[in-house]
Structure formats: structure tokens, C-alpha cells
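What follows is a single structure, written as C-alpha cells, with notes after it.
The values are calculated or read from the model by the stated rules, or taken from the named source; none is laboratory data. The structure displayed is predicted, hence computed values, not measured ones. Note that we place each Cβ from the backbone using ideal geometry, even for glycine, and neighbour counts take in every protein chain shown. Quick note on the areas: whole protein, heavy atoms, side chains included, nothing else; ligands and nucleic acids left out. Shrake-Rupley method; radii C 1.70, N 1.55, O 1.52, S 1.80 Å.
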Amino acid sequence: MRQASRLLPIRASRPGLHEFTDSAAEFVAASGISEGLLTIFCRHTSASLVIQENAAPAARRDLERYFAQIAPEGADYEHDDEGPDDMPAHLRSALTQTQISIPVSGGRLALGRWQGVYLFEHRRDPPERTIALHLLGE
Amino acid sequence: MRQASRLLPIRASRPGLHEFTDSAAEFVAASGISEGLLTIFCRHTSASLVIQENAAPAARRDLERYFAQIAPEGADYEHDDEGPDDMPAHLRSALTQTQISIPVSGGRLALGRWQGVYLFEHRRDPPERTIALHLLGE
Amino acid sequence: MRQASRLLPIRASRPGLHEFTDSAAEFVAASGISEGLLTIFCRHTSASLVIQENAAPAARRDLERYFAQIAPEGADYEHDDEGPDDMPAHLRSALTQTQISIPVSGGRLALGRWQGVYLFEHRRDPPERTIALHLLGE
């Protein structure tokens with residue numbers, strides 16, 4: 001049994017869902033670990049993680065619109081140090097995931113056929129983000 | 001230290017919460033691993049996981065009604081390839097969990113007294129689902 | 001490769017976010033494990049976990065207000081065995097996390113600079129809670 005870990009830098013080109021399934025899969029392949037558990041951890045509170053449908057771009061757009069609606073800019077927030085998108089970013093992060101773990105089998109992520117791993121970028125002007133990857137197995 | 005894994009097929013009889021705590025516990029018991037970490041991963045984007053109260057059926061019904069309300073059918077979605085319950089299913093999945101890990105101690109899941117593990121089925125006509133179980137420990 | 005585990009009792013002084021990053025970090029430090037994976041599991045369905053901004057108290061207050069708004073007391077719930085804050089507590093738990101895993105590197109949690117680990121207490125009169133901590137690594 002052994003471990004591998006890596007910090008993965010990601011910069012989304014725009015707010016919303018940004019797929020990085022391939023980067024996660026490459027990390028697993030390069031590790032030589034074929035059976036185990038991959039943990040993906042987002043080191044931010046204004047961006048988060050989701051696993052979503054990776055076939056239909058319209059589903060991605062609907063999801064982005066939905067979160068813009070239920071945690072909107074312009075509500076009466078006390079905290080707005082970094083602008084009107086500051087507090088909505090924290091709320092959307094709290095409603096989604098900071099961490100996702102995925103079993104690894106036969107050297108591959110045990111994702112379903114239509115599942116992709118996404119960074120959900122909540123800031124209007126996306127900074128570089130760091131995702132911590134951790135793999136345990138053999 | 002060793003690992004065990006299994007694909008667990010589940011078909012809910014109706015949309016909503018479907019408990020499978022016993023299947024997860026049986027997998028752990030059969031593995032012979034007494035101290036470790038169980039990871040439960042839902043391989044779908046229109047069904048998800050929650051840990052909820054397993055004593056009061058009314059709590060289950062309220063939870064189902066709540067998600068039907070905050071991510072309703074009939075909103076103005078762009079994506080509806082698989083019908084009016086398609087996009088609400090993705091939204092309800094994003095708001096809950098795709099993966100849950102539970103410590104194992106003394107051969108048992110370290111759940112609280114009232115906690116049950118549920119598949120949250122979001123499609124009206126539930127297909128068979130696959131849950132990936134992964135256990136690491138000794 | 002080895003494991004450590006502990007049940008951590010926490011009682012929040014009031015409903016809302018209660019940080020316990022230090023207790024989690026102390027458990028990791030005391031274990032002597034420097035590279036691995038920490039899993040934090042909340043053994044309750046009326047309290048939950050979030051990783052949030054730990055710098056601005058106003059962000060914490062906005063987050064508490066937001067969840068009080070989207071899963072309010074006084075809605076027409078069927079389940080209210082333990083009072084008007086019973087069902088909202090389950091809903092707010094379902095919308096946030098029951099479990100969070102954090103990679104450990106160099107003996108430290110791989111949290112981002114502004115991230116703190118919080119118990120999100122949803123009951124008005126907070127009881128003592130138990131958090132299961134599990135660490136795997138070397």
C-alpha cells in the first residue's frame with residue numbers, strides 16, 4: 001500500500017463549470033497505483049467541486065444559471081470585502097462540495113459513463129486555483 | 001492494510017430516498033476488515049447520496065418535498081433531453097452528495113444512532129443504479 | 001501504513017458555524033502520521049460540516065442567515081417531533097456535508113490559507129455532538 005499526492009493548479013477561463021477529469025485521471029495513471037482511492041480537495045472557499053453530466057453543454061449552463069439564481073449577487077449581504085460576487089461565491093461553495101473521493105479500479109477512476117469532475121468557479125474574474133490530489137492504494 | 005471493493009446495484013421502487021445502510025454494512029462485515037474507511041460513490045448525475053434520519057418517515061417525506069420545491073420541474077430549463085425531470089435531477093444531485101466516506105470501527109460503520117445511508121433517486125421512473133463501494137483498512 | 005481514530009465531542013455555544021480546525025489539526029499532530037488522509041464524519045442529521053472562510057466574521061453571519069432563509073422555520077413541515085427547528089435542521093444538513101476528507105502533508109492539513117473546518121449546528125439549543133475522526137497514512 002502506498003500514497004501519491006500532487007497540487008494541481010487550475011485557472012478557469014470564465015466563472016462556472018470547468019472540467020478537469022483528464023488531469024485527475026492522468027495523475028492516477030502516472031502513479032502506477034491501480035486499486036485505491038483518489039481524493040480531490042479544493043483549497044478555496046469561493047470555488048468548489050461537483051461531479052456532473054459531461055455530455056450536454058446545456059445541462060452545464062442550466063446548472064450555472066440555477067446557482068446564480070438561488071445564491072444571487074445583489075442580496076443584502078453584510079460581507080462584500082471583495083465585491084458583489086464575494087458572498088454568493090461562499091454560499092455556492094457551501095451548497096456544493098469542497099472534496100470528492102473516487103474509487104480507483106484497474107488503474108481508472110470508477111466514474112459512471114456520463115460523469116465528469118468539475119471545478120465550479122464562483123468568482124467573476126477567476127484567479128488561479130489549487131486542487132490537492134491524494135491517492136492511496138496499491 | 002488491505003482493500004475491498006464492490007459494485008452494488010440498486011433500483012429504487014419510486015423517486016425519493018431509498019435506504020441501503022444494511023447493504024453497505026454487509027459489505028463491510030463480509031470483508032473481514034474491522035478498522036478502516038468505507039467510501040460510497042454514486043456513479044450517476046441524476047441520483048445522489050444523503051445521510052439522513054432513519055427513524056421518522058415524515059422527515060423523509062418533508063425532505064423529498066423540499067427538494068421538489070427548490071429544484072422544481074417546469075422551470076425554464078434549456079436542457080430537457082430526457083424529459084421534465086432531467087434537469088431537476090442534476091440540480092438535486094449537485095445540492096446533495098455524490099460520495100460519502102464513513103469510518104469503520106470494530107467492524108461496524110461509525111454512524112450515529114439515527115443515521116441511515118440513502119440513495120436519493122431523482123428520476124420519476126427509476127432505472128437500476130450502481131453504487132461503487134470501496135473499503136480500506138485492516 | 002497505519003491508522004488512528006478518535007471521537008471528538010463538540011458543543012457549540014449557539015446555533016451556526018463553530019470552528020474546530022485546531023482540534024482536527026491536533027489529532028493529526030498527535031498521531032505522528034505525516035502523509036495521509038484525514039476523514040471528518042459528523043454523527044448527526046441535525047448538524048453538519050462545512051469548510052468556509054475563517055477570516056471574516058461577517059461571511060459567517062451571512063452564511064447562517066442564508067441557510068435560515070432557504071430552509072426556514074415555520075414552513076409547512078409534516079415532521080416536527082422536536083420542535084420548529086427540527087425539520088429545517090435536517091434540510092440544512094442535507095444541503096451541506098456530513099463528511100469531509102482532507103489530505104495531510106508534512107504533518108499538516110492541506111487546507112488553503114483562508115479555510116477553516118466548521119461544525120454547522122442547526123438546533124436552537126445545541127446538544128453535545130460527536131465527530132468521528134479517522135486518519136490513514138504513514
**OP:** State all residues of the range C:32-72 that are basic (Lys, Arg) and either under 30 Å from residue B:1 (Cα atoms) or within 11 Å of chain B (Cβ to nearest Cβ) (or both); if no residue qualifies, say none.
**Re:** C:43
**OP:** Return a yes/no flag: does the range B:6-26 have any residue that is without any contact (Cβ under 8 Å) to a residue 12 or more places away in the chain, within 17 Å of the chain's Cα centre (by Cα), under 19 Å from residue B:115 (Cα atoms) and open to solvent by 50 Å² or more (accessible area, probe 1.4 Å).
**Re:** yes
Subject >> Search result, residues across the range B:73-110 that are more than 7 Å from every other protein chain (Cβ to nearest Cβ), touching a helix residue (DSSP H, G or I) at 6+ places or on another chain (Cβ under 7 Å) and open to solvent by less than 10 Å² (accessible area, probe 1.4 Å) >> reply: B:104
Original post:
Within the range A:32-55, how many residues turn out to be out of contact with any Gly (no Cβ under 8 Å at 6 or more places or on another chain), modelled with pLDDT of 95 or more and open to solvent by 10 Å² or more (accessible area, probe 1.4 Å)?
Top reply: 2
Original post:
In the range A:117-138, which residue that is buried (at least 20 other Cβ atoms within 10 Å of the Cβ) and not hydrophobic (A, V, I, L, M, F, W, C) is nearest to the other protein chains (Cβ to nearest Cβ)?
Top reply: A:134
Original post:
Can you tell me which of B:62, B:81, B:85 is under 19 Å from residue C:71 (Cβ atoms) and of a type outside the set (A, V, I, L, M, F, W, C)?
Top reply: B:62
Original post:
Can you name every residue in the range C:68-89 that is touching a residue at least 40 places away in the same chain (Cβ under 8 Å) and hydrophobic (A, V, I, L, M, F, W, C)?
Top reply: C:89
**OP:** Look through B:62, B:76, B:81 and report the one residue that is in contact with an Asp or Glu (Cβ under 8 Å, 6 or more places away or on another chain) and of a type outside the set (Lys, Arg).
**Re:** B:62
Subject >> Residue count, the range B:56-66 (criterion: crowded, with 18+ Cβ neighbours inside 10 Å, among the hydrophobic types (A, V, I, L, M, F, W, C) and out of contact with any Leu (no Cβ under 7 Å at 6 or more places or on another chain)) >> reply: 2
Original post:
What is the one condition in (1) at pLDDT 95 or above; (2) within 24 Å of residue C:133 (Cβ to Cβ); (3) under 17 Å from the mean Cα position of the chain (by Cα); (4) more than 9 Å from chain A (Cβ to nearest Cβ) that residue B:29 does not satisfy?
Top reply: (3)
